[in-house]
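My questions all concern the structure below.
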Amino acid sequence: MTEHWKLSIQETSQLLKTGEISPTTLVESHLARIENTEHKLNSFITITSENALIEAEKATSEIVEKGVRSPLHGIPIGLKDLYDTKGVLTTVGSKIYRDRMPLADATVVTKLRKAGAILMGKLQMHEFALGATSINPHDGPARNPWDTTRITGGSSGGSGSSVASGQCMAALGTDTGGSVRIPASLCGIVGIKPSFGRISRTGVYPLSWTMDTVGPLTRTVEDAAIMLDEIAGFDPSDKSSVVKESESFRENIGKPIEGKKIAIPQEYFYDVLDEEVLKSFNASLETFRDLGAFSEYVSIPMLDHSLSISGAIMLAEAASVHENNIRQNPDMIGEDVRLKLMQGSLMPASDYIKAQRARTIFNDQINDVFSKYDYIVSPTVALGAPRIYEPFVKIDSKEYSVLALMARLTRPFNICGLPTITIPCGMTKENLPIGLQITGRNFRDVDVIQLAHAYENVTEWSKMWPDL
């Protein structure tokens with residue numbers, strides 16, 4: 001069968017529009033890819049193959065009769081298993097919710113269906129989205145397509161592996177401390193955390209009300225923008241949703257970045273960083289300079305407190321979300337997640353309040369940087385993907401906890417809620433992807449996409465495929 005699963009959404013949409021391929025052929029190609037790779041990857045919790053074929057036939061007829069109604073019409077996608085899907089199991093990666101069958105779709109799922117996207121299934125995740133490895137005690141570990149003995153990162157691990165391997169053309173994850181960006185980085189694809197409030201979270205199982213963000217994982221930057229075009233927008237049922245004028249997230253794609261100002265934090269990001277990641281990061285800065293952008297190091301002292309700030313807020317809010325689960329079903333929760341929830345439930349209210357006050361100071365320092373610069377650029381993850389069940393890794397001969405290290409470089413940008421994208425920028429000697437993250441001003445997601453696309457356009461990293 002033709003490898004249609006290797007196409008981008010943008011390319012595929014054009015082929016669907018001209019009738020060169022059909023949604024049925026496209027879905028069949030992806031189902032074959034799932035069948036050939038799922039036993040190696042464990043990307044899915046639920047595969048909806050029968051319904052996907054029905055939807056594909058429907059989309060094929062619609063396109064023949066009326067044409068393509070959006071760039072996602074007929075496109076196979078996956079959803080992290082915390083998005084409510086009417087009539088399809090939504091387990092939140094938990095033993096507690098094994099039989100949870102939502103009665104309605106999440107707002108973004110409704111939008112994707114309206115756009116004509118076809119759901120291939122619900123994707124593997126770290127339990128309750130509270131972890132960065134996607135090693136799930138109930139469903140087994142999600143496996144990295146570049147090396148199936150290694151983690152995908154998390155908590156949106158199945159979203160990362162499914163897109164990187166060609167099982168889906170795009171997937172939705174959630175990002176509270178890096179849960180879109182970490183698996184995207186470790187799996188060698190694009191992942192974006194939009195500005196907080198850009199996309200509705202109604203029908204998305206919560207972890208931390210003040211930091212949870214919906215975001216897509218895709219093969220290319222333009223595909224990420226296409227996804228955002230379809231799912232962004234104000235939702236009165238989500239109290240954090242923000243009213244913004246409609247715009248295309250693709251409007252700045254292809255525009256030059258000459259004269260753009262890039263800030264490189266001089267604190268924190270390089271304290272614990274693998275040499276290969278640093279080398280790739282520095283090479284990416286040279287690429288931006290070659291494209292005409294200006295960069296220099298800046299001081300953001302509060303970065304050194306970012307883990308304490310984000311940790312206190314996230315754990316306290318997560319413990320509140322799962323108060324009944326902790327009290328009624330503690331033995332049904334995986335050990336690592338249960339310990340975090342217990343830690344959050346024992347946190348004094350004064351610590352949570354102090355963290356929120358520190359958050360204000362942190363945000364003031366970040367905003368000061370953006371009064372002078374267009375972007376903050378930094379590494380996404382400190383190293384290539386660690387091995388599954390490897391609790392510690394070494395960097396510069398020192399040992400570090402994998403659980404602590406995975407989200408170390410991503411969590412600062414959940415505190416401020418600014419748009420942040422990760423794109424592939426290199427490979428380690430062990431052929432593992434390396435990610436670069438770009439952060440922009442609040443609600444200037446289009447600028448972040450512009451810089452990321454400019455880099456992608458002159459490099460080859462996004463064109464590489466794992467050998468499965």
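The values are calculated or read from the model by the stated rules, or taken from the named source; none is laboratory data. Since the structure is predicted, the reported quantities are computational estimates derived from the model, not experimental observations. As a convention, Cβ positions derive from the backbone with ideal geometry for all residues, glycine included, and neighbour counts pool all protein chains shown. Accessible surface areas use protein heavy atoms only, side chains included; no ligands, DNA or RNA. Shrake-Rupley method; radii C 1.70, N 1.55, O 1.52, S 1.80 Å.
Only one of Ile361, Ile326 is touching a helix residue (DSSP H, G or I) at 6+ places or on another chain (Cβ under 7 Å), modelled with pLDDT of 95 or more and open to solvent by 80 Å² or more (accessible area, probe 1.4 Å). Can you tell me which?
Ile361
Also, I was wondering about something else. Return the residues of the stretch 291-306 that are part of a helix (DSSP H, G or I) and either open to solvent by less than 60 Å² (accessible area, probe 1.4 Å) or without any contact (Cβ under 8 Å) to a residue 24 or more places away in the chain (or both); say none if nothing qualifies.
Met302, Leu303, Ser306
May I pose another question? Since Gly74 meets every condition but one in (1) touching a strand residue (DSSP E or B) at 6+ places or on another chain (Cβ under 8 Å); (2) open to solvent by 40 Å² or more (accessible area, probe 1.4 Å); (3) farther than 30 Å from Leu130 by Cα; (4) not hydrophobic (A, V, I, L, M, F, W, C), which condition does it not meet?
Of (1) touching a strand residue (DSSP E or B) at 6+ places or on another chain (Cβ under 8 Å); (2) open to solvent by 40 Å² or more (accessible area, probe 1.4 Å); (3) farther than 30 Å from Leu130 by Cα; (4) not hydrophobic (A, V, I, L, M, F, W, C), only one is false for Gly74: (2).
Same structure again: So if I check each of Val221, Val204, which one is farther than 22 Å from Cys425 by Cα, crowded, with 24+ Cβ neighbours inside 10 Å, within 16 Å of the chain's Cα centre (by Cα) and of a type in the set (A, V, I, L, M, F, W, C)?
Val204
So, one more: For the stretch 419-443, enumerate the residues that are open to solvent by less than 10 Å² (accessible area, probe 1.4 Å), within 18 Å of Ala232 (Cβ to Cβ) and not in a strand (DSSP E or B).
Result: Pro419, single match.
Also: Can you work out which of the residues in the stretch 54-66 that are open to solvent by 30 Å² or more (accessible area, probe 1.4 Å) and in contact (Cβ under 8 Å) with a residue 40 or more places away in the chain is farthest from Ala129 (Cα to Cα)?
Taking the candidates together, the pick is Val64.
Condition test on Arg150, is it out of contact with any strand residue (DSSP E or B) (no Cβ under 7 Å at 6 or more places or on another chain), at pLDDT 95 or above and either of a type outside the set (A, V, I, L, M, F, W, C) or farther than 29 Å from Ala32 by Cβ (or both)?
no
Across the stretch 444-468, which residue is nearest to Pro194 (Cα to Cα) among those that are open to solvent by 30 Å² or more (accessible area, probe 1.4 Å) and in a loop (DSSP other than H, G, I, E, B)?
For the stretch 444-468, the residue satisfying everything is Arg444.
Take the stretch 63-77 and flag every residue that is among the β-branched types (Val, Ile, Thr) and farther than 25 Å from Leu217 by Cβ.
Ile63, Val64
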